[in-house]
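The values are calculated or read from the model by the stated rules, or taken from the named source; none is laboratory data. Source: prediction; values computed, not measured. Positions of Cβ are backbone-derived with ideal geometry, glycine not excepted, and every protein chain shown enters the neighbour counts. These accessible areas exclude ligands, DNA and RNA; they are computed on the full protein's heavy atoms, side chains included. Shrake-Rupley method; radii C 1.70, N 1.55, O 1.52, S 1.80 Å.
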Amino acid sequence: MDDRLRIKELAEEDRPREKMRLKGAAVLSDAELIAILIGSGSSTETAVQLSQRILGTVDNSLGRLARLTVDELMAFRGIGEAKAITIAAAMELGRRKGLTNDDADRDTIRSSAEAFRLFHPHLCDLPHEELWAAFTNRSAKVIARTMISRGGTDHTSADVLIVLKAAINNLCSGIVLCHNHPSGDPRPSRQDDALTDRIARAAALLGIQLIDHIILCDKRYYSYADEGRLPRT
């Protein structure tokens with residue numbers, strides 16, 4: 001006979017919903033928060049235990065959990081389509097929250113750290129590469145940011161003309177490029193070096209400066225400006 005507790009059999013203070021109501025969301029573990037989303041477990045485990053099992057397969061990383069598709073979530077025993085969609089929707093809401101500009105500092109790029117913070121919500125959880133650009137004025141204020149291209153798991157390509165057209169349309173004085181490496185290694189490739197060189201030199205002909213090119217992973221990044229590797233134009 002299965003001797004594991006159902007959520008209804010737990011003390012009220014240990015049930016995720018009741019615990020959140022009594023003590024606030026901040027005290028709940030990731031597994032307990034996910035348990036609230038999925039609502040119920042299976043015939044052999046509670047919602048909390050099911051959530052712990054799912055998190056265990058991604059090394060308890062919410063970033064990796066956010067990369068799972070609905071179909072991949074449904075592969076877990078006890079997770080049907082409705083539960084999988086609920087988890088995926090919650091992960092997307094978290095990502096979008098990171099895209100909001102509540103902090104005025106995130107509207108300027110004066111350092112590689114600020115560039116990393118600006119682009120991280122867009123790129124940190126993607127299983128493929130994307131190249132983004134931010135366009136700034138002379139006060140380092142971000143005028144606009146946009147995705148330039150989307151690629152595969154190990155590279156993306158970019159048309160220099162697309163970057164320059166967007167820069168001209170936004171009447172900017174500076175460009176900050178950023179793309180992600182899903183591999184987790186932020187070191188630039190030769191293709192990254194070539195792209196940086198082409199855009200820097202082409203932009204300079206129009207009086208526009210390539211301020212930096214950031215390559216980011218989940219928690220790390222590489223900055224061409226910090227490394228002194230931007231082309232001299």
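Listed values, structure above:
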| read-out | value |
| --- | --- |
| Accessible area per residue, Å², the chain with all protein chains present, probe 1.4 Å | 55 |
| Protein accessible area in the chain, 1.4 Å probe - carbon and sulfur % | 51 |
| Under 13 Å from the MET147 label point (7 Å along Cα→beta-carbon), backbone N, region 166-206 | 180 |
| FRET E, pair ILE162, SER40, Förster distance 45 Å, beta-carbon r, rounded to 0.05 | 0.40 |
| Centre separation in Å (Cα based) which lies between region 37-69 and region 171-188 | 32 |
| Relative contact order %, the chain, counting alpha carbon pairs below 8 Å whose residues are six or more apart | 13 |
| On Cα atoms only, tilt of 112-123 relative to the major axis of the chain in degrees | 50 |
| The chain: most fluctuating residue of VAL176, VAL163, VAL58 per GNM, C-alpha cutoff 10 Å | VAL58 |
| Extended-chain gain in nm, criterion 0.36 nm per residue less alpha-carbon gap, VAL70 and ARG138 | 20.1 nm |
| GNM top mover of ALA204, ALA75, ALA26 - the chain, alpha-carbon springs below 10 Å | ALA26 |
